[in-house]
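As structure tokens, the structure follows; a few thoughts come after it.
The values are calculated or read from the model by the stated rules, or taken from the named source; none is laboratory data. The shown structure was predicted, so the numbers you read here are calculated from the model rather than taken from an experiment. Glycine gets a Cβ as well: all are built from the backbone with ideal geometry, and neighbour counts include every protein chain shown. For accessibility, only protein heavy atoms count, side chains too; no ligands or nucleic acids. Shrake-Rupley method; radii C 1.70, N 1.55, O 1.52, S 1.80 Å.
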Amino acid sequence: LQWLLDNYETAEGVSLPRSSLYNHYLRHCQEHKLDPVNAASFGKLIRSVFMGLRTRRLGTRGNSKYHYYGIRLKPESPLNRLQEDTQYMAMRQQPIHQKQRYRAAQKMDGMAESGSNSTPHSTPEQSVAAQSQHHQQFIDVTHVFPEFPAPDLGNVLLQEGFTLNDVKTLQVLYRRHCEATLDVVMNLQFHYIEKLWQSFWSPKAPPSDGPTALPSSEEEPEGTLPKDKLITLCKYEPILKWMRSCDHILYQALVEILIPDVLRPVPSTLTQAIRNFAKSLEGWLMNAMSEFPPQVVQTKVGVVSAFAQTLRRYTSLNHLAQAARAVLQNTSQINQMLSDLNRVDFANVQEQASWVCQCEEGMVQKLEQDFKLTLQQQSSLDQWASWLDNVVTQVLKHHEGSPSFPKAARQFLLKWSFYSSMVIRDLTLRSAASFGSFHLIRLLYDEYMFYLVEHRVAQATGETPIAVMGEFGDLTSLSPTLLDKDDISELGTEGDTERAEGEPLVKRERSDPGQSLQEI
């Protein structure tokens, strides 16, 4: 009875194979040298513990299994690590109410397969999604999707043949499209995104005897919008600006769903699935919008590129955090790091850096002492994160509420990076035994500082972090509210010469910190 209560809990809308529960029980009895009861007695035992439990027969014809409906493994249960029935259980441990929103898209997939005489076997993408479903405990499935602002048309006159009702129809359809996108991502079925985008931006004309439906929600939309009208409306600057704002809200929500805590340990399979998803986004959207004007495509791809880059950065940061945990929990490594750090000539570091950074000497010395003390106390990663957050607060508190806050934040990042590189340089010249550990810690802290600062600037400017830090293949694409005149004049025209006229703001191939981590 205690074993059942420790490992299972009631949950509406989920189910587990009956055979899996009994196999878990047999394994428990074997490990503790207990005599197991038979399957029928075990079933009665479960029903006495979890009142109201129901039985259902689920699965494809000829391959169905009996399931207990309304029960699931607890997220912290060690049974989650067992490989038995992993894929099947993962498919079933998914709340039913979350599946309904994209059922139409699944039906469309099925029709496409039957039309092409393809085999009924699942695609590699579907297999990956099935494997990843049990990772839903690591994402934020309770996230509330914020409302979208209304488009501000101002004094713009719509051309003949267009009415305000067309704009309202676009609002309704685009909101539903974004909700469907959020539902699919929340269920980790990333491969459906391409179909959703194709159905919205490049809908195929339905057959005359067939129903018209967008796979963006369960209900039919209140009205439709022909493709030529959609293209024309998107050309209006107020509509394009409104859509950009909606995209910032959507993609920020998706980031917070997929990576609610950048420092929390996440399975490598989930991290890799997110990175593969990010790699495909720009290509999917450009294919879906191939018939749209370059200006519209440039705006849309710019935001989705920021989203993809944010996912790459956050997953790399998470990867660094997990590697750093091992270092921070190793007493001998910490002692070696302390010994090497005490040999660093900080007076010389300050002397060289002061001319470039012009930082207060008292502040630098305080940070040095606090860093050594925190290291000496063998602090956990969460304690280090709290210390870094306090550093950002101390440095930027004088600029809070000031228009200069974004610039001060960027200057702090540059100075922090310069000082840390000087310390690493000194450790390198001294052939410090703990150089590898320091290099790893420095990579993590620099990335986490960037993460903290982008959120502080977002809070100060009223933007989303994606809008603040993400959208700069070159810096000239940053919002004018985030750059002052000095910054803009310093940029010059370098960004314009690098990109051909009319080319979408697709990010260049980025370096991947995660790939070189193994070498470190």
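Looking across segment 270-281 at every residue that is in contact (Cβ under 8 Å) with a residue 60 or more places away in the chain and out of contact with any helix residue (DSSP H, G or I) (no Cβ under 6 Å at 6 or more places or on another chain), the one that is surrounded by the fewest Cβ atoms within 10 Å (Cβ to Cβ) is identified as Asn276. Set side by side, the residues Lys44, Lys33 differ, and just one is assigned by the TED database to the domain that holds Gly70, at positive phi, of a type in the set (Lys, Arg) and free of Cβ contacts under 8 Å to residues at least 40 places away in the same chain, which is Lys33.
The rows are residues; the columns are (1) open to solvent by less than 50 Å² (accessible area, probe 1.4 Å); (2) at pLDDT 75 or above; (3) over 30 Å from Thr181 (Cβ atoms).
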| position | (1), (2), (3) |
| --- | --- |
| Asp6 | no, yes, yes |
| Val14 | yes, yes, no |
| Leu21 | yes, yes, yes |
| Gln87 | no, no, no |
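The rows are residues; the columns are (1) over 24 Å from Arg325 (Cβ atoms); (2) crowded, with 16+ Cβ neighbours inside 10 Å.
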{"site": "Asp382", "(1), (2)": "no, no"}
{"site": "Ala385", "(1), (2)": "no, yes"}
{"site": "Val391", "(1), (2)": "no, yes"}
{"site": "Lys397", "(1), (2)": "yes, no"}
{"site": "Gly401", "(1), (2)": "yes, no"}
{"site": "Lys407", "(1), (2)": "yes, yes"}
{"site": "Trp416", "(1), (2)": "no, yes"}
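Scoring Leu317 on the criteria (1) farther than 30 Å from Glu237 by Cα; (2) touching a residue at least 40 places away in the same chain (Cβ under 8 Å); (3) surrounded by fewer than 19 Cβ atoms within 10 Å (Cβ to Cβ) leaves a single failure, condition (3). Within segment 418-440, the set of residues being of a type outside the set (Gly, Ala, Ser) and open to solvent by 60 Å² or more (accessible area, probe 1.4 Å) comprises Phe418, Arg425, Thr428, Leu429, Arg430, Phe435.
Counting only residues that are closer than 18 Å to Val297 by Cα and among the acidic types (Asp, Glu), segment 223-269 holds 3 of them. Scanning segment 220-258 for residues that are aromatic (Phe, Trp, Tyr) and at pLDDT below 90 turns up just one, Tyr236. In the condition set (1) open to solvent by less than 20 Å² (accessible area, probe 1.4 Å); (2) at pLDDT 90 or above, Leu443 is compliant with all but (1). Each residue in segment 167-191 was checked for being open to solvent by less than 20 Å² (accessible area, probe 1.4 Å) and closer than 22 Å to Pro238 by Cα, and 6 pass. Only helices (runs of 4 or more DSSP H) whose full extent lies in segment 323-421 are considered here, and the ones with at least 2 residues that are modelled with pLDDT of 90 or more are 331-342, 361-376, 381-396. Within segment 25-50, track down each residue that is open to solvent by less than 50 Å² (accessible area, probe 1.4 Å) and within 14 Å of Ile71 (Cα to Cα). Hits for segment 25-50 are Gly43, Ile46, Val49, Phe50. Considering segment 344-380, and only residues there that are β-branched (Val, Ile, Thr) and more than 37 Å from the chain's Cα centre (by Cα), the residue that is surrounded by the fewest Cβ atoms within 10 Å (Cβ to Cβ) turns out to be Val349.
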